[in-house]
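The values are calculated or read from the model by the stated rules, or taken from the named source; none is laboratory data. Just so you know, these numbers come straight off a predicted model, no measurement behind them. With ideal geometry, Cβ positions are generated from the backbone for all residues, glycine too; neighbour counts draw on all protein chains shown. Each accessible area value is taken on the protein alone, full model and side chains, heavy atoms only, with ligands, DNA and RNA left out. Shrake-Rupley method; radii C 1.70, N 1.55, O 1.52, S 1.80 Å.
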Amino acid sequence: MTYSQNWNIDRVFPGLDSKELESAFQAAEGENPSLAAELAALSETSSNQAILAAADSLQTAEGKLHTIGFYLNAWSSVNYGKSEIGPKFDRLSKIEIDYTVQEQKWGKFLAALSDTRFKELLADDKAKPIVFILNESREKAAKLLDDQTEKLINEFQVDALHAWSAHYDTISAGLKTSYTDADGKIQEVSAGQALNLLDGIKDKDARADLMKNYEKMWGKAENLSADTLNHLAGARLTDYKAHGISDFLEKPLELNRLSKASLTAMWDAVAKNEGMLVKFFARKAKLLGLDSDQISWQDQTAPVQVPGYQPRTLTYDQAANFIIDNFSKYSPKMGAFAKHAFENQWIESEDRPGKQPGGWDESIPALKEDRIFLTFTGSVNDAATIAHELGHAFHSHNLYDLPQWRQNYAMNVAETASTFAETIINTANVEAAQSDAEKITLLDAKMSNATAMFMNIRARFIFESNFYKERQKGVLTPAQLNQLMVAAQKEAFAGALSDQGVHPHFWTSKLHFYIDDVPFYNFPYTFGYLFSLGIFAWAQKQQDFETAYIALLRDTANMSSEELAKKHLGVDLTQPDFWQAGADLIKKDVDEFLDLTENL
Ligand SMILES: [Zn+2]
């Protein structure tokens, strides 16, 4: 069988200018006024049936918006940079903002119900699948201020929080730098290109030269960036204060349905296990030909090269069959699902011009199917990327029969199924390696996930926590932000990073600090990674892993992270053991890497 490398999205809409897409837009636009009318008619004395019908209407409307959003994303990913998509995205985001207003009204309606009436509603059989969501919406809405004030805050945030976030794009879009490549030629690059290059330049001097100029380039933007970061955080803190929130971690934790005790336990375990990664980096520094046993910022993900080794390449069919076979070893359903996705053109993987970089998976509520976007160049790592996205798709696939709100899992568990699937393939790849040299290269690539989650992301979390602590007292100067960042990197890298190798302006170069919708866009990554490693460790001991795993996935938007772990894995996230089990898996890889490279 030869699998197609092009996806089929015409079944969603036949084109950007199709009358089908236009009528979907019109239907979605008409949905909000009718939702508003339906919600306005609700009161304490409404029947359960009427209240739950409104919940259904909201979820149906949400599903329709996701379907349109999917199509616009898919279209723009294969028509990268084409401007005719702009007005369509704009039209969709206006409808989405309107929808959010209806959702807030819904929450306020629930909050206004008496406790007795709310309990009666929850006891209704038809409410059972969404009891957790109903409770959560009611609790959140109870913290909202009156309609007029909420509206005013949201309107002001357009020119505050959201404006500062957009301003960051304006700053970074104008930046350019250069470096001297391995052939001695000077290359001019944009900020985005420089970042991509830093991940993969093989020549250590070219890499160091680019990093020096990259740090300098961001240094020139430090005043504008410091204004932006200070005011973005200020707008957020003012919003928190208005809502009676005094702890800047409260919202980020709430968004991830996670307790502070679990977050602390996770970071404590990470900190305790950093020694093994320091050893890994010391060996890596040697293999990269660096002068000391410490790395510099730009060396974190630089690929280790073994003399004489040429990386193995795969055909697309080989990659597909490798994934299907290895998924099947853990779960026949997962294997069959992957096969179905390959056979039915769910994956756009062709290597051709005009495609967006990167990869993603998105669900299409209208079809109850997913589509995956990426570019397959034949590397073993590309196979792991397909597996990662198929993991996301398998997660959605197991939720499609549930109400839409039961499919809205938080960011920290969003990467569970994907990282788990990727771990299956990464592990199988290492086991299938045909030489030590190949094994070293694969382990090195696999380790870049671990070091990113334990050190790079942890540095971001430490910085952001300390920054918010200080920002509550007043604005910080660029010099103070540099200092906080250097201190965070030293702490998180625990000696793996040399004194000259730090990246003081990381607070300005990293987009994640400037995202408006999600505060603390860092710890959910580490959580998702370690949570999936915990599941991988647990999977090895299960009699019927498949059933247990699917049951866990189906509950990802149905309870707190702690309850999810307790109910399905029997573990307590506030205790160190679970996190340690994940770290122990990484240690196995580190030990193997150190063994294999001992005499290189
Ligand atoms: Zn992912």
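Looking at this structure, is ALA366 in contact (Cβ under 8 Å) with a residue 12 or more places away in the chain, within 12 Å of the ligand (Cβ to nearest atom) and within 28 Å of THR547 (Cα to Cα)?
Numbers: in contact (Cβ under 8 Å) with a residue 12 or more places away in the chain: yes; within 12 Å of the ligand (Cβ to nearest atom): no; within 28 Å of THR547 (Cα to Cα): yes.
No, not satisfied.
Cβ-Cβ below 7 Å, separation at least six or inter-chain, first residue in segment 462-477 and open to solvent by less than 80 Å² (accessible area, probe 1.4 Å), second among the acidic types (Asp, Glu) and part of a helix (DSSP H, G or I): which pairs? As it stands, the answer is ILE462/GLU491; LEU476/GLU470, since those pairs meet every condition given.
Test each condition in (1) away from the ligand (no atom under 16 Å from the Cβ); (2) among the hydroxyl-bearing types (Ser, Thr, Tyr); (3) open to solvent by less than 20 Å² (accessible area, probe 1.4 Å) for SER379 and report the one that comes out false. Of everything listed in (1) away from the ligand (no atom under 16 Å from the Cβ); (2) among the hydroxyl-bearing types (Ser, Thr, Tyr); (3) open to solvent by less than 20 Å² (accessible area, probe 1.4 Å), SER379 misses just condition (3). Within segment 403-432, the set of residues being open to solvent by less than 20 Å² (accessible area, probe 1.4 Å), hydrophobic (A, V, I, L, M, F, W, C) and closer than 29 Å to GLU598 by Cβ comprises ILE424, ILE425, ALA428, VAL430. From GLU422, GLU415, which residue is more than 30 Å from ILE130 (Cα to Cα), within 15 Å of the ligand (Cβ to nearest atom), in contact (Cβ under 8 Å) with a residue 24 or more places away in the chain and charged (D, E, K, R)? GLU422 is the lone residue from the list that is more than 30 Å from ILE130 (Cα to Cα), within 15 Å of the ligand (Cβ to nearest atom), in contact (Cβ under 8 Å) with a residue 24 or more places away in the chain and charged (D, E, K, R).
Among the residues of segment 58-85, write down those that are closer than 18 Å to TRP106 by Cβ, open to solvent by 10 Å² or more (accessible area, probe 1.4 Å) and of a type in the set (A, V, I, L, M). Once the filter is applied, which keeps residues that are closer than 18 Å to TRP106 by Cβ, open to solvent by 10 Å² or more (accessible area, probe 1.4 Å) and of a type in the set (A, V, I, L, M), segment 58-85 yields only LEU65.
State whether the residues of segment 567-590 include one that is of a type in the set (A, V, I, L, M, F, W, C) and on the phi > 0 side of the Ramachandran plot. No, because not a single residue in segment 567-590 is of a type in the set (A, V, I, L, M, F, W, C) and on the phi > 0 side of the Ramachandran plot. Within segment 507-548, the set of residues being open to solvent by 30 Å² or more (accessible area, probe 1.4 Å), within 19 Å of the chain's Cα centre (by Cα) and not charged (D, E, K, R) comprises LEU511, HIS512, ILE515, VAL518, TYR521, TYR525. Residues in segment 395-404 that are farther than 20 Å from PRO524 by Cα and in contact (Cβ under 8 Å) with a residue 60 or more places away in the chain: HIS397, ASN398, LEU399, LEU402, PRO403, GLN404.
Within the bounds of segment 323-345, is there any residue that is hydrophobic (A, V, I, L, M, F, W, C) and surrounded by fewer than 16 Cβ atoms within 10 Å (Cβ to Cβ)?
yes
Checked against (1) assigned to a helix (DSSP H, G or I); (2) more than 16 Å from the ligand (Cβ to nearest atom), LYS355 passes all but a single condition, namely (1). Among the conditions (1) in a helix (DSSP H, G or I); (2) surrounded by 13 or more Cβ atoms within 10 Å (Cβ to Cβ); (3) without any contact (Cβ under 8 Å) to a residue 60 or more places away in the chain, PHE13 misses just one, which is (1). If the condition is being within 11 Å of the ligand (Cβ to nearest atom) and farther than 20 Å from HIS568 by Cα, then segment 388-412 contributes HIS388, GLU389, LEU390, ALA393.
For ALA551, the requirement of being among the small types (Gly, Ala, Ser), modelled with pLDDT under 95, in a helix (DSSP H, G or I) and surrounded by fewer than 21 Cβ atoms within 10 Å (Cβ to Cβ) is not met. One residue alone among SER262, SER246 is crowded, with 16+ Cβ neighbours inside 10 Å, among the hydroxyl-bearing types (Ser, Thr, Tyr) and either part of a helix (DSSP H, G or I) or modelled with pLDDT of 95 or more (or both), and that residue is SER262.
Considering the conditions (1) modelled with pLDDT of 95 or more; (2) aromatic (Phe, Trp, Tyr); (3) open to solvent by less than 20 Å² (accessible area, probe 1.4 Å), TRP164 is excluded by exactly one of them, (3).
To keep it simple, each residue is scored yes or no on (1) more than 28 Å from the chain's Cα centre (by Cα); (2) closer than 30 Å to ALA302 by Cβ; (3) without any contact (Cβ under 8 Å) to a residue 40 or more places away in the chain.
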residue	(1), (2), (3)
LEU144	no, no, no
ALA160	no, no, no
TRP164	no, no, no
ASP183	yes, yes, yes
VAL189	no, yes, yes
LEU195	no, yes, no
GLU215	no, yes, no
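For SER328, are the conditions met, namely being small (Gly, Ala, Ser), assigned to a helix (DSSP H, G or I) and away from the ligand (no atom under 16 Å from the Cβ)? Against the criterion (small (Gly, Ala, Ser), assigned to a helix (DSSP H, G or I) and away from the ligand (no atom under 16 Å from the Cβ)), SER328 qualifies.
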